[in-house]
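In what follows, a single structure is set out as structure tokens and then discussed.
Bear in mind these aren't lab numbers, they're just calculated from the coordinates by the rules spelled out. Just so it is clear, the structure is predicted and the values come from calculations on it, not from any experiment. So basically every Cβ, Gly included, is an ideal-geometry build from the backbone, and we count neighbours across all protein chains shown.
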Amino acid sequence: MNVDYSEKIPNNVNLAGNRTLQRALEQWQPEFLNWWTDTGPEGTGNTDVYLRTAVSVEPKGWAHFDYVKMRDYRWGIFLAPAEAGRKVNFGAHKGEPAWQEVPGEYRANLRRLIVTQGDTEPASVEQQRHLGLTCPSLYDLRNLFQVNVEEGRHLWAMVYLLHAHFGRDGREEAEALLMRRSGDADNPRILGAFNEPTPDWLAFFMFTFFTDRDGKYQLCSLAESGFDPLARTCRFMLTEEAHHMFVGESGIGRVVQRTCEAMVAHKTDDVGKLRALGVIDLPTIQRYLNFHFSVTMDLFGSDVSSNAATFYTSGLKGRFEETKIDDDHLLNGAMYPVLEIRDGALVTSEAPTLNALNEKLRDDFIRDAAAGIERWNKVIEKQGIPFRLKAPHKAFHRRIGPLAAAHIDPAGNVVSAAGWEAKAAEWLPSAADQAFVASLMGRVVEPGRFANWIAPPARGVDNKPADFAYVRFG
Ligand SMILES: [Fe+2]
Ligand SMILES: [Fe+2]
């Protein structure tokens, strides 16, 4: 199932066979390019970037690498291959053939799910717009740009569904996706984490590790959808998402590596001395971790949610690895542990599993993220340093759901407002931390050179060496 690149909009959905849809998307295309020029990576109009482009949707060999100007990137529409005889695998319609068209009664909910997912894609491009100006190396710059163009493609993926299946309101939603702006007071992006700034590369790596991983879990749930075009779109997006999380995990791993090398070489864990050496002390890395983890926790939504139950029962959004779970896939009567605040303390109670599906997905995410954090700890251990990075409690620093009503410390204890104030600078990046990290952010663009605060990668992209000219400035 190769992709046809002779088309104006590369695709594997036989766009040429539906002239009305093709014309509508061809009208949206220049608006997308205007949005990219306005809010995409700053000052890169003439920059050649060694990027991968999807040439097939088969798991092996789908990517082609070459120098591309980002504006000329072939953003297209790619669905994973159809699965013959696929069924709705959960909820009230379990066992019915998967839907190829939107079921009328679920139209509004399905559109809402697609728009919410679609809105995150351009948002992260906007959040990362200025990072290219302070890249720690050409290798990292190229990875940033790869993430950016693929988030642009994810927007295309959702816009295709809106145009193909939701008629006029779908087209209006597709336009609105280009109108909202991350952090804009009047017309912000839909979800909180996507309105936070990504001011520096430490934040970028944390974002791609935690927030893109939320993307993975949302996409995995939508890849189970009974609405087959959504499932197939999300399955292909997941292959791209894996790279984004790699950028985050390896990025933080390299920062940790560099810091630990300096700690060993200078026999010190003194924050002041380490900062003077131009590396990022581990407590600051922990505070960035705490912030991005907690902001990402909120993305999963309210702990107990009737919408989550509706999405599941209607067959629109499943659980992570739904078909691998051994239960009835209806969940009536099942219970799941959720947290609440009772008499000033955090306690575990039980909620119907159907209503607790956000919480369950959050727990799936936490297990996955914790494994990545342990891989960072291996880097620290190898250098013989007695420090461990740790995910904060999932109730820490929440702004959504009932837990937002209390101040909860990283260990999961409810603390007073005064107690929070007194310790906040130990738990979350302070203005001073951010100013220090910002002070390290120079622009390193000589092939093979890396900023002092980050170790070179173990290997390059596409089997190229670390000193390959991944980006060429025009
Ligand atoms: Fe994405
Ligand atoms: Fe992503």
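Computed over segment 194-258, the alpha-carbon pair-distance distribution with 5 angstrom bins reads 4, 19, 22, 18, 15, 11, 7, 3, 1, 0, each value a whole percent.
Overall size of segment 287-362 from C-alpha positions, given as principal axis extents largest first: 39, 30, 22 Å.
Across segment 431-472, the mean sequence separation of Cα contacts (distance under 8 Å, 6 or more residues apart), normalised by length, yields a relative contact order of 32 percent. Between residue 435 and residue 56, the FRET efficiency estimated from the beta carbon spacing at R0 = 51 angstrom works out to 0.65. Which listed residue (316, 447, 283) has the Cα farthest towards the positive end of the charge dipole for the chain, taking +1 on Lys and Arg C-beta and -1 on Asp and Glu C-beta about the Cα centre? Projecting each Cα onto the dipole axis, the largest value belongs to 447.
Using the Karplus relation 6.51 cos²θ - 1.76 cosθ + 1.60 with θ = phi - 60°, the per-residue 3J(HN,Hα) values for segment 132-143 come to x, 6, 10, 5, x, 5, 5, 4, 5, 4, 4, 5 Hz, with x marking Gly and Pro. Cα-based values for segment 105-174, radius of gyration first and Dmax second, are 15.1, 51 Å. How large is log10 of I(q)/I(0) for segment 29-112 at q = 0.15, 0.20 Å⁻¹ when the intensity is taken from the Debye formula with one equal scatterer per alpha-carbon? Calculated log10 I(q)/I(0) at the listed q: -0.83, -0.99. Farthest towards the positive end of the charge dipole of the chain, among the residues 373, 456, 113, is the Cα of 456, using unit charges on the Cβ of Lys, Arg, Asp and Glu.
Students often forget the sequence filter, so: which lysines lie under 19 Å Cα-Cα from residue 8 once same-chain residues fewer than 8 apart are removed? Straight-line reach from residue 8, under 19 Å: 69. The charge dipole of segment 15-472, taken about the Cα centre with unit charges on the Cβ atoms of Lys, Arg (+1) and Asp, Glu (-1), comes to about 800 debye, rounded to the nearest 20. Residues 139, 50, 5 in ascending order of nearby Cβ atoms (within 10 Å, fewest first): 5, 50, 139. Dividing the radius of gyration of the alpha carbons in segment 15-472 by their Kirkwood radius gives 0.97 for Rg/Rh. Ordered by the count of other Cβ atoms within 10 Å of each Cβ, fewest first, 154, 130, 163 give 130, 163, 154.
Entry note, the chain: relative contact order of 19 percent, from Cα contacts under 8 Å with a spacing of 6+ residues.
The alpha carbon convex hull volume per residue for segment 160-311 rounds to 142 Å³.
Listed by chain and number, the aspartates and glutamates placed with their C-alpha closer than 12 angstrom to that of residue 390 are 374; residues fewer than eight positions away on the same chain are left out. Compute the label zone of residue 5 within segment 222-263: residues whose backbone N is under 16 Å from the point 7 Å along Cα-to-Cβ. Of the residues in segment 222-263, none has backbone N under 16 Å from the label point off residue 5. Since only 81, 133, 400 are under comparison, the one whose Cα sits farthest along the positive direction of the charge dipole of the chain, derived from C-beta charges on Lys, Arg, Asp and Glu, is 133.
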